[in-house]
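Reading through the C-alpha cells given below for one structure.
Every read-out reported here was derived from the displayed coordinates using simple, explicitly stated rules and does not represent laboratory data. Keep in mind that what you see is a predicted model, and the values were worked out from it rather than measured. Don't worry about glycine lacking a Cβ; one is built from the backbone with ideal geometry, like all the others, and counts go over all protein chains shown.
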Amino acid sequence: MDRAEVFIPPNIRGALDALSLLSNKWEPVVVSVLLESGSLRFSELENNIPDISPNMLTKTLESLSEHGLVTRCVISESPLTVTYELTDAGRELRPVFDSLATWADEHIDSVQPTVVLGDRDHRLVELYRSWLCDRFDVIAVHGQESLWSNLAETPDVAIFDIDLWGDDPATLSAHRFNMTRRIALVGDRPDPSLCTWPCDDVLRKPLVKSELVTAVTRQLDRFGQPEPERERDGIEARLTLLESIYSRPFLQRDKSVSKLYESVGSIER
C-alpha cells in the first residue's frame, strides 16, 4: 500500500528550507559570529570559532555564499586581503536568531550561562563564586594555566584579576577569546596601563555582591551588539575608572591613555 504524500503548505516550505540550512553544525555559528563582529578575515573567523578546521570553515563559507548569506570582499590585491561579511539577507537573520532565543528561554530548559572567575586570592574567589552560583555556572580558577585553558572553552563571561593573566594584554585578542565577554578585576589604584587591556568592563576590588551580579548580567545582555559599539563600551569603562582616580590632564600625558581618548572619539555612536 502506497503511503500518502504529506501535504506541506507552500508558505511553510520556505521555512523548512531555512531550518534545513540553519540546522547544519557550522552555518548558524558563522552567521552568529558575523552578526556580532561584522566583516572578518578568514583567520579572524578561525579565532572566533573554536574547534572548526580550516577546511570546514572554507566549506561553510562556500555554502553560505551559495545561499546568498555571506559575501567575500577583496580589500587589496597585493598582498591579497580578503574579508567575509553578511549580505543584506544574512543580516536580516538577526530577528530570527532573537526570536529563537526568546522561544528557547520560554520553552526549553536552558543551560545557565558559564562564568569563569579567576583570582590568586582563594578566599575572594570563593566569596564571589557564592554570589554568582545561584544564577550562573561558575568555574573558579586560581592560576594562569587554569585561566588560559578555561578561556579556551569559550565561556560566556570571564572575570579575572589582570595580574592572573601573566602575559601581554594584547595576547587576549590574539587568542580565541573574542566570543567571551571579559571583565577585568583590578586593585584599588590601578596603573594607567590598565587602558591597554582589551576588556568589556573593569571592576575595582573589593567588590560588593550587587556590583558583581550587575556587571555580569550587563555583559550577557550585550551579546550580539555591533563590534564598534562593544569596543566603545570597553574603552569608556576603562577611562571612567581611571578618571575616578587620576585627573584627566594627568591621564592625557600618558601616550597609551591619550590614544584611548582618540580612539573613543573616532568611534561613531
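Computed from these coordinates, which is Kirkwood radius over Cα pairs in Å: (i) 24.5; (ii) 20.9; (iii) 17.9? Evaluating Kirkwood radius over Cα pairs in Å on these atoms matches (ii). FRET efficiency for the pair Asp168 and Phe97, taken as 1/(1 + (r/R0)^6) with r the Cβ-Cβ distance and R0 = 41 Å, rounds to 0.75.
Roughly speaking, what is the stretch gain from Tyr261 to Arg120, that is 0.36 nm per residue apart minus the C-alpha to C-alpha distance, in nm to one decimal?
Numbers: separation 141, 0.36 × 141 = 50.76 nm, distance 3.15 nm.
Length gained, Tyr261 through Arg120: 47.6 nm.
Segment 122-156 and segment 84-103 have Cα centres lying 31 Å from one another.
On the basis of the beta-carbon distance and an R0 of 35 Å, Asp51 and Arg222 show a calculated FRET efficiency of 0.90. GluC sites (Glu not before Pro), restricted to segment 77-109: which are DSSP loop and have at most 11 other Cβ atoms within 10 Å? Answer in residue order: Glu92. Here, segment 112-266 has an Rg and a Dmax of 15.0, 44 Å when only alpha carbons are counted.
Length gained on full extension, His142 to Glu236: 31.0 nm, using 0.36 nm per residue less the C-alpha separation. Directionally averaged projected area (segment 10-95, Cα convex hull): 6.0 nm². Quick check: Cα centre of segment 160-230 to Cα centre of segment 23-56, how many Å? Cα centres, segment 160-230 to segment 23-56: 23 Å. Between Thr71, Thr81, Thr114, where does the largest GNM mean-square fluctuation fall for the chain, given springs only between Cα atoms within less than 10 Å? Among Thr71, Thr81, Thr114, the largest mean-square fluctuation in the Gaussian network model of the chain belongs to Thr81.
Fully extended, how many nm does the chain gain between Ala89 and Ser23 (0.36 nm per residue separation, minus their Cα-Cα distance)?
Answer, rounded to one decimal: 22.0 nm.
Backbone amide hydrogens, once placed in the peptide plane, bring Val141 within less than 5 Å of Leu117, Gly118, Asp119, excluding anything fewer than 5 places away on its chain.
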